[in-house]
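Below: one structure, written as structure tokens.
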Amino acid sequence: MPKYFQIVMLLIVFLSTTGERTFIKYQELYDQAKFFAKGLLETGIKRNDVDAISNKNCVEWVISSLGVQMTGAMPLHFFFKRLDGSDLLEILHGIQKCTTLIIDPGHQDINVDICRKLACNFQPEVSGSISSKVLVDLYQVLLLQSSDNGIKCSSVADIVERGRISIITLPLISPDDIAAIFLTSGSTGIPKAVPQTHLSLVRSLHGVGKHLELDPGARLYNDRPFSWTGGYPGVYIVHKTTRITASDVMALKTIDDINRFTARALEAENCTAALMITPCLHDMMHTKLPPCKQWPLKVIGTGGLPVESSCTSAAGVIANN
């Protein structure tokens with residue numbers, strides 16, 4: 001990738017349902033992830049540790065996930081689902097050396113409160129230090145974004161600033177090292193942890209991009225969570241493209257609202273491709289197709305739920321493929 005291309009090209013554009021637009025460029029992500037990695041090593045993280053990162057489609061998630069990889073540790077991507085944290089305990093019970101939780105604090109710090117229930121010693125009003133009788137290797141909680149409610153856990157931005165002045169040298173990473181741990185849907189019980197090496201992950205991401213016909217410089221809309229394989233930002237890094245995403249799509253109440261937001265995003269950002277969940281694509285084809293100057297797109301992908309054969313009628317109407 002030419003140096004100019006690295007500096008100026010947008011990697012991810014974040015659109016909010018209230019009209020806000022933020023972005024991060026390729027070079028910015030690399031620099032901030034590098035500083036985050038150095039700052040994380042300063043906190044005591046070691047190679048092959050597991051750092052569990054809760055999902056939120058935000059810049060800090062991408063920085064922390066890539067930064068953890070740069071330390072030689074392994075990011076595990078998860079959602080908070082139960083208020084008592086029992087689902088997280090079930091997932092981490094079989095994971096060795098989970099030393100760090102990197103979490104979105106949540107509305108009124110609800111996720112911080114869940115961490116309290118996992119711990120025998122955790123005073124987030126004082127620091128991010130934590131100890132747990134169940135998760136014996138866990139020693140710190142970091143926040144994706146700072147809390148406004150007096151929580152003193154360090155944020156991703158704090159760790160980045162710590163890394164800027166660090167003299168630590170980042171370790172060499174092998175293609176056969178574990179790059180990330182993804183969770184299955186859990187439809188048959190407890191989600192299963194599926195590790196991917198750097199090499200296997202790049203191959204998988206390259207295949208996804210080929211199915212979406214991503215060429216360098218393409219702009220694709222995908223509002224799926226970053227922690228899902230279908231929403232993982234690495235696809236767009238591998239193919240040198242720009243990902244357009246929604247930072248808070250779940251704030252929308254109906255499929256019709258989501259589809260109208262999607263159509264506006266496609267048009268405003270000049271997208272040539274999109275990845276949509278099946279109910280949204282089905283609704284567009286059989287209920288109401290929102291107006292959009294981008295129709296037909298080059299390609300639309302769908303998945304995550306059973307795909308009805310009727311979805312193929314999108315070809316030739318809202319997408320060529």
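The values are calculated or read from the model by the stated rules, or taken from the named source; none is laboratory data. What you see is a predicted model; the values in this text were computed from it and never measured. Note that we place each Cβ from the backbone using ideal geometry, even for glycine, and neighbour counts take in every protein chain shown.
Please note which strands (runs of 3 or more DSSP E) are completely contained in segment 124-224 and include at least 1 residues that are within 30 Å of L89 (Cβ to Cβ). Please lay out each step first, then the result.
Working: elements: 140-143, 178-183, 193-197, 219-222.
The strands (runs of 3 or more DSSP E) meeting that bar are 140-143, 178-183, 193-197.
Which one is surrounded by the fewest Cβ atoms within 10 Å (Cβ to Cβ) among residues in segment 87-101 that are in a strand (DSSP E or B) and touching an Asp or Glu at 6+ places or on another chain (Cβ under 7 Å)? Looking at the filtered set, the residue picked out is T99. Within segment 269-321, the set of residues being in contact (Cβ under 8 Å) with a residue 60 or more places away in the chain and either more than 17 Å from I244 (Cβ to Cβ) or exposed (fewer than 15 other Cβ atoms within 10 Å of the Cβ) (or both) comprises G303, G304, N321. Restricting P75, P105 to those that are in a strand (DSSP E or B) and touching a strand residue (DSSP E or B) at 6+ places or on another chain (Cβ under 6 Å) reduces the list to P75.
Out of the residues in segment 220-248 that are over 11 Å from the mean Cα position of the chain (by Cα) and touching a residue at least 60 places away in the same chain (Cβ under 8 Å), state the one that is surrounded by the most Cβ atoms within 10 Å (Cβ to Cβ). Spell out how you get there, then give the answer.
Going residue by residue through segment 220-248, those that are over 11 Å from the mean Cα position of the chain (by Cα) are 220-222, 235-244, 246, 248.
From what's left, touching a residue at least 60 places away in the same chain (Cβ under 8 Å): 236-237, 240, 242-244, 246, 248.
Details: Y236: 26, I237: 20, K240: 18, T242: 23, R243: 28, I244: 25, A246: 21, D248: 16.
My answer is R243.
For segment 164-179, which positions are of a type in the set (V, I, T) and without any contact (Cβ under 8 Å) to a residue 60 or more places away in the chain?
So in segment 164-179, the residues of a type in the set (V, I, T) come out as 165, 167-169, 173, 178.
Matches in segment 164-179: I165, I167, T169.
Which residue, of D283, D257, is assigned to a helix (DSSP H, G or I), at pLDDT 90 or above and within 28 Å of S187 (Cα to Cα)? The unique qualifying residue is D257.
Candidates F23, F14: the one that is surrounded by fewer than 18 Cβ atoms within 10 Å (Cβ to Cβ), part of a strand (DSSP E or B) and under 15 Å from the mean Cα position of the chain (by Cα) is F23.
Residues of segment 197-215 that are over 18 Å from A274 (Cβ atoms) and touching a Ser or Thr at 6+ places or on another chain (Cβ under 8 Å): H198, S204. Among the residues that make up segment 220-230, is at least one of them hydroxyl-bearing (S, T, Y) and at pLDDT 95 or above? Taking every residue of segment 220-230 in turn, at least one turns out to be hydroxyl-bearing (S, T, Y) and at pLDDT 95 or above.
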